[in-house]
Structures are given as structure tokens and as C-alpha cells.
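FYI, it's all coordinate maths here, none of it is from the lab. Source: prediction; values computed, not measured. FYI the Cβ positions are ideal-geometry reconstructions off the backbone, even for glycines, and counts take in every protein chain you see.
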Amino acid sequence: MYNINVNKKYNIYVEENFYNLKKFIKKDNINYNSIVILTDENVSKYYLHSIKGMFAEDKIFTYILNSGEESKNLNEIYNIYEFLLNNGIDRKSLLIALGGGVIGDISGFVASTYMRGINFIQIPTTLLSQVDSSIGGKTGVDFLGKKNIIGSFYNPSLVYININTLKTLPIEQFENGMVEVIKYGYILDKEYLDFIIYKKEKIKSYDKDTLAQMIYKSCKIKSYIVSIDEKENGIRELLNFGHTFGHAIETESKFDILHGQSVAIGIIASMYISYKNNLINEKDIEQVKELFKYFNVYIKRDFNINNIYKNMLYDKKNDNKKIKIIMLKSVGKAFSTSDLSQDIILDAISYALEG
């Protein structure tokens with residue numbers, strides 16, 4: 001269906017099935033002597049058999065994690081390292097990340113550190129991982145309650161997206177991923193935002209062609225950004241729109257709130273600050289609220305705003321201990337600032353939590 005090359009380093013393939021997976025691995029000269037599939041208990045029920053069947057002639061191993069953010073910890077990483085060593089996995093082996101963002105983050109981190117680096121490919125099965133986390137080489141695990149505080153930059157050798165995996169995705173997880181899709185329109189491409197708004201009914205009804213277009217356009221935007229700024233020293237930080245607030249909210253909720261739901265609150269908080277600085281209009285905030293409500297990701301929350309602010313102080317993107325926030329100059333144009341008072345940040349959190 002679609003193919004995107006990311007900075008001449010790896011390809012993203014958007015397909016309707018898994019049929020071409022092995023062909024593209026061979027086409028992209030990804031060689032291996034054995035394969036390890038890293039997946040979770042939910043995804044394995046649907047797709048593990050199909051993927052293993054494609055590599056029936058190869059030496060293949062499977063490691064299945066518990067589903068959810070709780071698996072993203074150093075104890076689990078230790079267990080995976082032990083599994084790899086016990087099964088004789090070496091530098092010429094290939095690690096396949098089959099699942100959502102948690103599986104992708106863990107797999108990338110393991111691949112980047114095991115024997116100082118082995119090849120891995122991403123097969124993202126959630127909307128969030130398809131349009132965001134599988135692209136750009138960010139890996140990570142949570143530590144002492146802080147999200148992704150330990151990690152590395154390590155690119156996959158290939159990203160293979162089968163849009164039909166979205167059919168088995170719980171509806172709240174699909175809606176969760178829509179926050180990252182919408183984010184792209186607000187930070188970089190108003191025309192794409194207009195496309196999402198115009199096509200929102202077809203998106204919500206899982207129209208295949210519309211979903212393929214949407215995923216392709218999202219991947220194109222993220223690929224463009226990470227190609228310019230691989231290590232987040234410039235434009236890539238715009239992808240964190242809403243995330244400094246969002247990660248702090250996730251931490252405060254003890255990860256009891258979905259990533260997209262927390263980032264939706266964060267995006268509204270960031271836009272509120274932009275509005276207070278006379279950069280966007282009140283109708284722009286109302287528009288994003290309505291869009292998030294349409295996809296059921298924005299509801300009233302009751303959290304301690306001071307605790308959220310304290311969590312924001314630990315964000316790894318901060319600049320000289322100053323909280324870094326991505327704001328909007330206008331819809332489709334974002335910028336970064338560390339020059340905001342505690343009062344305006346607290347005010348923005350309070351406003352965004354109101355729902």
C-alpha cells in the first residue's frame with residue numbers, strides 16, 4: 001500500500017496483512033541466524049501464530065510478557081536478557097517487536113543493549129504505536145515511578161504496519177491513539193488537521209482506505225521530523241506537545257489513565273497557555289476539546305495539581321531545571337519554551353482537568 005523511507009536508514013511499510021513481511025525483510029537486507037519474537041499475552045492470541053508461520057523454516061523463539069505498562073521495568077529487562085543468553089541468542093539474531101508501544105519500547109531497549117546492539121524490527125499492532133512510538137528510535141523503561149526515564153535512541157531495521165490489526169484493538173485503545181494523530185495536525189500541519197476533522201466519521205467507523213491514508217500521513221510527518229532531528233536537539237521536541245503535562249498526569253495516576261487520555265489533557269493545558277499569551281483563539285481550544293470528546297479521550301479528572309507540577313519537574317526534557325512546554329504560535333505551528341511561571345502552569349493544569 002504505502003512505503004516511507006526514514007532518513008535512508010529504514011523503511012516503514014503500511015500494508016493490509018502480514019503477507020509481505022518476510023519479503024520486505026529480505027528486500028531490506030536484514031540477515032539473521034535466529035529470530036526472537038517479543039510480544040504480550042493479548043497480542044499473542046491474535047497474531048503470534050501467523051508471524052511464527054512465516055518463519056517456519058527458521059530457528060525461532062518467543063518471549064511473552066504480561067500486557068501493560070507494568071512490564072516496562074528493569075526486572076523484566078533482566079528476565080529477557082537471561083532468556084536470550086540461555087537460548088544462545090547472538091549478535092546475528094533478529095528481535096521482532098510484535099505489539100503496542102510497551103512492547104516496542106522494551107524490545108528497542110533490549111536490542112540496543114544486548115551484546116551492544118542487535119537488529120530488531122517493529123510490527124506495531126496499536127494505533128498509537130503505528131503512528132508514533134514505532135518510528136524514530138526512542139526506547140525506554142520506567143524506573144522509580146518515572147516514565148521512560150531509562151532508555152536509548154536505537155532505530156529499528158524495519159517497521160511493518162498491518163492496518164487490519166486495528167480490528168482486534170479495544171476501542172478505547174484506538175481512541176487513545178487518535179490523540180497522537182491529532183497532535184500532528186496541531187504542531188505542524190493544519191491541512192492534515194482539517195483532513196482528520198473532515199474524515200472523523202470514517203475514521204471512527206474504521207473505513208479501511210481512510211485509516212490507511214491517516215496512518216501513512218502520520219508516519220510521513222513523524223518521519224520528516226525525526227529525519228531532521230534524530231536525537232531531539234531541535235524540531236523533534238515539538239512531538240512532545242502535551243506530553244510534559246501528560247507524563248506527569250500518568251505518574252500521578254500510577255498509570256491508571258491511558259497515555260492518550262493524559263496527553264489530551266496536556267494538549268489542552270498547553271493550548272490554554274498559548275491562548276493566555278494571545279497566540280491562539282478561544283475557539284481553537286473549544287475545537288480541540290470537541291475533537292477529543294468525539295473520540296472519547298477527554299473527560300473530567302480529579303488529580304492534585306501540585307503533585308502533577310512536581311512530577312513535571314522530573315521530566316527529562318527540561319532545560320536547566322526549568323519546565324519545558326511546547327506551545328502553539330498558531331494552529332499548525334508549534335514552538336518550545338522554558339520561560340513560564342509556576343502560576344500559569346498550575347492554572348493550565350487546573351483548567352485542563354475540568355473536562
Give the relative contact order (percent, whole number) for the chain; include only Cα pairs under 8 Å separated by 6+ residues.
15
Cα gyration tensor shape for the stretch 171-353, rounded if a/c is under 1.5, else prolate or oblate
prolate
Cut-off 15 Å, label 7 Å out along Cα→Cβ of residue 60, residues of the stretch 1-31 by amide N:
18-26
The chain: antiparallel bridges as % of DSSP beta bridges, rounded to 5, reads 40
Within straight cross-link reach of residue 204, meaning Cα distance under 18 Å, which lysines are found once same-chain residues fewer than 8 apart are removed?
167, 183, 217, 289, 293
Highest mean first, how do 158-164, 40-46, 281-287 rank when packing is the count of other Cβ atoms within 10 Å averaged over residues?
158-164, 40-46, 281-287
At what distance in nm do the modelled label points of residue 8 and residue 75 sit from each other, each positioned 7 Å from its Cα along Cα→Cβ?
4.6
Name the long-range amide H neighbours of residue 61: under 5 Å, sequence gap of 5 or more, or other chain; modelled H, no Pro or chain starts.
35, 36, 37
Just name one of 244, 221, 30: the one whose Cα is farthest towards the positive end of the charge dipole of the chain (beta-carbon charges, Lys/Arg +1, Asp/Glu -1).
30
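Please label the shape of the stretch 132-175 as rounded, prolate or oblate, based on the square roots a ≥ b ≥ c of the eigenvalues of the alpha-carbon gyration tensor (a/c under 1.5 means rounded; beyond that, a/b larger than b/c means prolate, else oblate). Present the calculation step by step, with values, prior to reporting the outcome.
On the way: a/c = 4.00, a/b = 1.40, b/c = 2.86.
Verdict is oblate for the stretch 132-175.
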Listed highest first by mean packing, meaning other Cβ atoms within 10 Å per residue, what order do 176-188, 250-262 come in?
176-188, 250-262
Student exercise, the stretch 2-168 dipole from Lys, Arg, Asp, Glu Cβ charges, in Debye to nearest 20
540
Please give the charge dipole size of the chain, origin at the Cα centre, charges +1 on K and R Cβ atoms and -1 on D and E Cβ atoms. Round to the nearest 20 debye.
860
What does the convex hull of the alpha-carbon atoms of the chain project to on average, in nm²?
16.1
Listed peptides 60-69, 288-297 by packing density, highest first (mean Cβ within 10 Å):
288-297, 60-69
What percent does the relative contact order of the stretch 1-119 come to when contacts are Cα pairs within less than 8 Å and at least six residues apart?
27
